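The values are calculated or read from the model by the stated rules, or taken from the named source; none is laboratory data. Since we're looking at a predicted model, the values are computed, not measured. Note that we place each Cβ from the backbone using ideal geometry, even for glycine, and neighbour counts take in every protein chain shown. The protein model used for the area step is the full one, side chains on, heavy atoms only, and it has no ligands, DNA or RNA in it. Shrake-Rupley method; radii C 1.70, N 1.55, O 1.52, S 1.80 Å.
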Amino acid sequence: MQDIINKNNVNNFDLLRLFAASQVVLSHAGSHLEHSYSVLSFLSLFPGVPIFFFLSGYLIYGSYESSSQHKNPIQNFYFKRVLRLYPGLWGCLLFSICLVWISGYLENTVLNLKEILIWLTAQSTAFQFYNPDFLRGFGVGVLNGALWTIAVELQFYLFVPVVFKLMQQKKLFIFLIIVM
């Protein structure tokens with residue numbers, strides 16, 4: 001697995017990611033636009049979100065495995081995860097704020113500074129699933145609804161060192177699988 005991760009970070013999962021993303025986009029578009037197409041029925045057989053989670057779990061484990069060869073593997077792993085996740089997340093937050101501002105939506109909305117600060121803190125840390133009332137009237141009612149997956153991905157990050165350690169002790173890991 002390490003050979004897959006280390007070859008210039010090319011993991012050949014781009015096609016699967018594209019397929020999963022297309023499935024999510026098409027199914028949500030069909031739902032929000034209240035249209036049903038026969039292709040959506042077929043695509044529902046291969047749900048994109050579980051595909052993303054499966055791929056993420058595999059790739060995150062591989063990232064930890066490559067980090068395990070450093071002097072401080074956990075620090076190295078989490079440093080790479082923060083650099084991978086948060087710059088894009090903060091860019092998305094900034095873009096979303098600009099979009100809401102430019103759209104004029106905020107002109108007709110009663111804003112509460114405390115609620116805005118809580119929302120900004122949640123969006124820029126680990127609680128992207130939080131959506132305040134003042135944004136319920138924008139778009140489909142949830143700004144960046146897909147970001148709920150970030151909290152799940154962060155849980156993967158926290159759990160991977162434990163799973164890695166258990167994989168090193170194969171007997172304990174097999175026992176845990178049987179118990180689960």
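Summary of values
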{"read-out": "Matching entry among Asn11, Asn6 (being within 21 Å of Ile150 (Cβ to Cβ) and at pLDDT below 75)", "value": "Asn11"}
{"read-out": "Number of the exception - Phe46 against (1) more than 15 Å from the chain's Cα centre (by Cα); (2) among the aromatic types (Phe, Trp, Tyr); (3) assigned to a helix (DSSP H, G or I)", "value": "(3)"}
{"read-out": "Which numbered condition Ile60 misses (of (1) touching a residue at least 12 places away in the same chain (Cβ under 8 Å); (2) over 15 Å from the mean Cα position of the chain (by Cα); (3) open to solvent by less than 80 Å² (accessible area, probe 1.4 Å))", "value": "(2)"}
{"read-out": "Residue count for segment 106-151, restricted to those that are part of a loop (DSSP other than H, G, I, E, B) and of a type in the set (Gly, Ala, Ser)", "value": "4"}
{"read-out": "Any hit, segment 53-75, residues being in a helix (DSSP H, G or I) and within 30 Å of Asp133 (Cα to Cα)", "value": "yes"}
